[in-house]
Every structure is written in structure tokens, then in C-alpha cells.
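Here's the structure we're looking at; comments come further down.
The values are calculated or read from the model by the stated rules, or taken from the named source; none is laboratory data. Remember, it's a predicted structure, so these values are computed and weren't measured experimentally. Cβ placement follows ideal geometry from the backbone for every residue including glycine, while neighbour counts extend to all protein chains displayed. The area values use the complete protein model at the heavy-atom level, side chains included, leaving out ligands, DNA and RNA. Shrake-Rupley method; radii C 1.70, N 1.55, O 1.52, S 1.80 Å.
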Amino acid sequence: MVQKVSPKKITVLYPLTNIERKNESVKKRVAAYCRVSSHSDEQLDSYFAQISYYESMIKTNLAYDFAGIYADEGISGTSIKKRDSFMRMLQDARDGHIDMIITKNISRFGRNTLDCLKCIRELRRLDVDVYFEKENLHSLAKEGE
């Protein structure tokens, strides 16, 4: 005897887009970007201090979900091409895994104005905010650019 099995309805869950998440009362997925341009002892101390500070800051904020630390050690900020961690962060933002990126200041994010603006504009289109702590500036704010 063959038993008939009724087909089951399969529900596919897709991650919320950044715009949908903004309208929900969901924690922001926050990442940090850290960079130093040399391997000097002073720069390395700054590098590890940045990583520790931002990881603690994000993990202790109840409104945030920790989305990672992206850090490039001993890499110049004049080009994004050689900054592997920065490129991975951009891809993760494109893939919808990040809502906000925190960085120490604009020069940590990038020293090449054209590259920096291009990345910020792309992140804005993706509805990903970049917060520059020293300048107290959010890229999604009107004055962000």
C-alpha cells in the first residue's frame, strides 16, 4: 500500500534589507574599521587600542549587534585596493550584513578623497551609515558628505 504524502509548503526566509530593518525595532548591525599606516611600535599600539576600544564599545551598546572589526595593519590609506579588510567590509555591506560602520576619523577611513567619497556614496545608497567619531559626523545625515 502506498501512502499519499501531501506536499508541504516551504517558507523561505530572506534577511531583511537595510531599509526594512530601519523600519523595524531591530538592533543595528554595527562594525568598526581600524587602520594604521606603518608597523612602528607607536602605530601598533594605536592599532590594537582601536580594535579593543571599538569591539568593547559596540558589544556593550544594547542597541547594537556586533558585526565585526575590519582592520588593516601597516597599510596606507591612499588606495582602497590594497586594504583587504576594507574591501571585505564593503562587500559585507553590499551583502546586507552591516547597518553602520564606526571609524576613528575620516583619515582612518581613507586618505584619497575620491576613493573615500566613492565608498561613502555607495554605502549611502545601501543605507549603511558611516560614523566618523572624531568629527562626530554620520554619512547618512544631510551634512554627511
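Note on region 42-111: dipole from Cβ charges, positive end direction compared against T78, F48, L62; the farthest Cα belongs to T78. Between beta-carbons, use under 11 Å as the cut-off and find the net charge around G74, counting Lys and Arg +1, Asp and Glu -1. Cβ neighbours under 11 Å give a net charge of +1. Within 14 Å, Cβ to Cβ, of D84, how many net charges do the neighbouring residues add up to if Lys/Arg are +1 and Asp/Glu are -1? That works out to +2. Close amide H pairs (under 5 Å, H built 1.01 Å from N) link L140 with V130, residues at least 5 positions away or on another chain. Per residue, region 56-126 exposes 53 Å² of accessible surface when a 1.4 Å probe is rolled over the protein heavy atoms with every protein chain present.
I want the local charge near Q50. Using Cβ-Cβ distances under 9 Å, sum +1 for each Lys or Arg and -1 for each Asp or Glu among the other residues.
Surrounding charge for Q50 is +3.
Among I106, I120, the order of accessible area from largest down is I106, I120, computed with a 1.4 Å probe on protein heavy atoms. Given K81/K118; K82/K118; K59/K118, which pairs have Cα atoms separated by over 18 Å? Correct reply: K59/K118.
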